[in-house]
Every structure is written in structure tokens, then in C-alpha cells.
């Protein structure tokens, strides 16, 4: 049980930087797509929204895990 708790304690600190890095890459790609033309502009908007939604989901999930670990411990 202690191993699981240790893993869950470290999980948010591991996931957030990875998700942030991927979001930055996605936003750069979306910016390039936005500059390439009308059709790519729409696709770029979708990629940017997906990146923002992904960061929000990861942030909420890691907060939830931290809260659950503190609540159940």
C-alpha cells in the first residue's frame, strides 16, 4: 500500500511537466498551421483548442489525485 501512495504522491509532479511540454509543442504547430492558409487555419484552431483542453484536463486530474491521496491517507 505504501508503494501505491508513494507513486500517487509523485504522479502529479511527473505528469504536469510532460503535459506542459506537449501543449507547448502543439501550440507551436497550431501557430504554424494558422499561418499556412484558410483550411489549415481552421485545423490550427482545433489543434490549439485541443492543447488547451488537454492541459486543463491534466491539471484537474493531477489536482484530483493529490486531493484523493490527502483525503484517504
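For the chain, the longest principal axis of the Cα atoms and the long axis of helix 38-72 meet at an angle of about 10 degrees. By the count of other C-beta atoms within 10 Å, a proxy for reagent exposure, 58, 28 are ordered fewest to most as 28, 58. Compute the long axis of helix 2-35 from its Cα atoms, compare it with the longest principal axis of the Cα atoms of the chain, and write down the angle in degrees, 0 to 90, nearest 10. Rounded to the nearest ten degrees, it is 10.
Would you work out the relative contact order for the chain, in percent, from Cα pairs under 8 angstrom that are 6 or more residues apart? Spell out each step's value before the answer.
Values: 50 pairs, mean separation 29.3, N = 73.
Relative contact order, the chain: 40 percent.
At q = 0.19, 0.22 Å⁻¹, what log₁₀ I(q)/I(0) does a Debye calculation on the Cα points of the chain give, no solvent, two decimals? The computed values of log10 I(q)/I(0) come out as -0.74, -0.87. Taking the helices alone, the chain has a mean residue ellipticity at 222 nm of -34500 deg cm²/dmol, built from -39,500 (n - 2.57) per DSSP H run of at least 4 residues and averaged over all its residues.
A short reminder: the numbers here are calculations on the coordinates, not readings from a lab. All of these numbers come straight from a predicted model, not from anything done at the bench. Cβ: placed from backbone, ideal geometry, glycine included. Neighbour counts: every protein chain shown.
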